[in-house]
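Step one of this worksheet: look at the structure below.
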Amino acid sequence: MSDSYHIQETDADSSSSPDPTPDDSSTDDTVRPGETDDLVPTIEDVPESQSVIRSEDLTVHYGDEQALQSVTVGIPEREVTAIIGPSGCGKSTYLRCLNRMNDMIDAAKISGTVRFRGTDIYAEDIDPVALRRKIGMVFQKPNPFPKSIYDNVAYGLKIQGFEGDMDARVEEALRNAALWDEVKDQLDSSGLDLSGGQQQRLCIARAIAPDPEVVLMDEPASALDPVATAKVEDLIADLSEQYTVIIVTHNMQQAARISDKTAVFLTGGQLVEFGNTDQIFENPENQRVEDYITGKFG
Amino acid sequence: MVRKEYQTKLDELRDDVLYMSEVVAERLRLALDALEQQDGDLGEEVITGDAEVNELYLDLEQDCIDLIALQQPVAGDLRFIAASFKIITDLERIADLATNLGGYAGEAHQELYPDVDIQRIGDATLEMLETAMNAYREETAEACYAVSEMDDEVDELCEAASELVVRDLIQRDQLGSDEDIEGTMRDVSRLLLTIRDLERVGDHGVNIAARSLYMIENNDDLLY
């Protein structure tokens with residue numbers, strides 16, 4: 001608990017000012033149980049050196065509607081971070097900001113910063129396509145290309161102009177996605193012929209083939225049956241040995257099962273609590289988080 | 001409010017645990033009465049009545065398991081269920097100790113130690129139990145700490161009582177003044193067992209307070 005800090009709501013003047021007031025959250029604001037002001041978020045501070053992605057005052061509007069409200073948090077490296085919250089709380093919006101998927105939405109207006117290994121990913125000289133090789137994404141519905149299993153996995157590498165041993169990389173990605181044993185004899189058949197669970201693991205193989213550092217997952221198991229879900233969950237645990245995994249899920253038990261850290265977004269696009277998953281599910285600091293995860297609202 | 005049925009089940013569990021605690025407190029009270037009046041029949045009633053407590057215990061244990069398996073409780077709800085699960089065990093043990101006391105009631109025949117105030121110790125443990133269950137019901141952390149302090153007093157009372165008995169026994173032995181030494185030994189050992197059992201009732205009261213404190217504010221101060 002001692003590593004939790006209040007982050008004071010900075011009344012976002014929503015300019016993406018590169019030098020926010022130094023340390024606007026003073027450390028003597030340490031939260032003690034029972035003293036939490038529920039309107040003030042409780043965000044565990046992950047040191048710069050251990051966070052691979054860091055957002056500062058990240059605010060997003062879709063037209064007039066505010067989708068994210070000044071989100072400041074560091075995502076720790078090689079851990080699984082789950083993002084939970086009710087529908088419309090901004091959790092998918094946040095995920096999409098992390099590899100600039102929101103660029104494709106014209107109405108989206110983004111302020112604040114997202115840094116990946118210290119580099120502002122919204123800086124002008126950043127190529128979003130190159131960024132997405134470093135920060136890959138897996139979507140809710142398995143969406144393999146209408147190509148062979150092999151080509152699905154090799155696709156990103158080919159675009160990248162990869163010139164090494166393609167067979168070896170494809171095999172490695174399929175192995176890391178826990179799919180190799182099931183498909184090694186049918187690499188030429190269409191990815192669309194696989195079962196839903198296999199298709200999702202194929203998409204994970206496709207996402208990790210270019211050797212990203214971060215894998216973003218948006219409800220990766222919500223379209224799968226319990227057995228396929230369990231396989232994907234096991235896979236996520238394995239992936240976190242090599243990659244940083246950030247997963248948005250509607251399923252709170254899934255978040256509890258698979259994540260090291262949990263971020264709870266509540267209505268209005270506010271990150272209300274971020275901390276160790278066991279702490280969040282056994283003794284959340286914030287009453288609104290307690291009410292949400294125990295099902296008293298939402 | 002969503003998950004209405006779940007909320008209702010949580011409320012029912014709380015009510016049932018409180019009901020069980022009332023039954024157990026009643027057993028303990030009867031056992032103390034039986035001891036005071038040396039009433040073997042009343043003692044026997046406490047012993048046969050234990051079946052009801054055991055049944056309650058098993059039912060509530062199952063309710064806790066069902067809630068965990070079917071509702072995946074988290075946060076305060078989880079701590080409440082975990083605490084209840086432990087507390088019913090302590091209540092069941094207190095009821096077992098009450099049956100011990102009930103058993104002693106019919107066997108003691110001599111008023112050997114009028115200075116040993118079993119009723120006073122018994123009342124103190126009963127008060128601990130009631131205070132602990134109040135803390136559980138009202139979710140008051142202060143009451144949990146109060147129970148822990150009351151236990152120190154009970155321990156002192158028990159220790160003083162045991163010492164008094166043992167000293168007197170040594171004296172009797174030295175004087176050779178006891179004609180029915182076997183009867184005395186039986187009564188003395190029963191008396192010492194009574195003191196020990198009451199001291200353990202107090203310990204279970206502390207356990208209940210400790211689990212309640214954990215439930216209330218995720219605080220393990222009173223857990224040993």
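The values are calculated or read from the model by the stated rules, or taken from the named source; none is laboratory data. Given the structure is predicted, the values throughout are model-derived calculations rather than measurements. Positions of Cβ are generated from backbone atoms using ideal geometry, with glycine treated the same way; all protein chains shown enter the neighbour counts.
Listing for the model above:
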quantity	calculated
Residue within region B:153-168 that is surrounded by 13 or more Cβ atoms within 10 Å (Cβ to Cβ), without any contact (Cβ under 8 Å) to a residue 24 or more places away in the chain and either part of a helix (DSSP H, G or I) or not hydroxyl-bearing (Ser, Thr, Tyr) (or both) present	yes
Selection within region A:87-97 - touching a strand residue (DSSP E or B) at 6+ places or on another chain (Cβ under 7 Å) and surrounded by fewer than 23 Cβ atoms within 10 Å (Cβ to Cβ)	A:SER92, A:LEU95
Residue list for region B:70-115, restricted to those being out of contact with any Cys (no Cβ under 7 Å at 6 or more places or on another chain) and among the hydroxyl-bearing types (Ser, Thr, Tyr)	B:THR89, B:THR99, B:TYR104, B:TYR113
Failed criterion for B:ALA31 (all others in (1) surrounded by 19 or more Cβ atoms within 10 Å (Cβ to Cβ); (2) within 14 Å of chain A (Cβ to nearest Cβ) hold)	(2)
Criterion: in contact with a strand residue (DSSP E or B) (Cβ under 6 Å, 6 or more places away or on another chain) and closer than 21 Å to A:VAL52 by Cβ - qualifying residue of A:ILE204, A:ILE208	A:ILE204
Region B:172-224: number of residues that are within 14 Å of chain A (Cβ to nearest Cβ), of a type outside the set (S, T, N, Q) and surrounded by 14 or more Cβ atoms within 10 Å (Cβ to Cβ)	5
Filtered residue count, region B:55-97, keeping only those that are more than 14 Å from B:ARG14 (Cα to Cα), within 25 Å of the chain's Cα centre (by Cα) and of a type in the set (Asp, Glu)	4
Scan of region A:208-230 for residues that are surrounded by 18 or more Cβ atoms within 10 Å (Cβ to Cβ) and among the β-branched types (Val, Ile, Thr), ordered by number	A:ILE208, A:VAL214, A:VAL215, A:THR229
Count - residues of region B:136-152 that are touching a helix residue (DSSP H, G or I) at 6+ places or on another chain (Cβ under 9 Å), within 20 Å of B:GLU217 (Cα to Cα) and surrounded by fewer than 24 Cβ atoms within 10 Å (Cβ to Cβ)	9
Region A:76-92, residues that are polar (S, T, N, Q) and modelled with pLDDT under 95	A:SER87, A:SER92
Spans of helices (runs of 4 or more DSSP H) in region A:183-298 with at least 3 residues within 14 Å of chain B (Cβ to nearest Cβ)	A:252-258, A:277-282, A:287-293
Candidate set: region B:68-126, residues that are outside any helix (DSSP H, G or I) and either within 14 Å of chain A (Cβ to nearest Cβ) or hydrophobic (A, V, I, L, M, F, W, C) (or both); chosen: the one surrounded by the most Cβ atoms within 10 Å (Cβ to Cβ)	B:PRO73
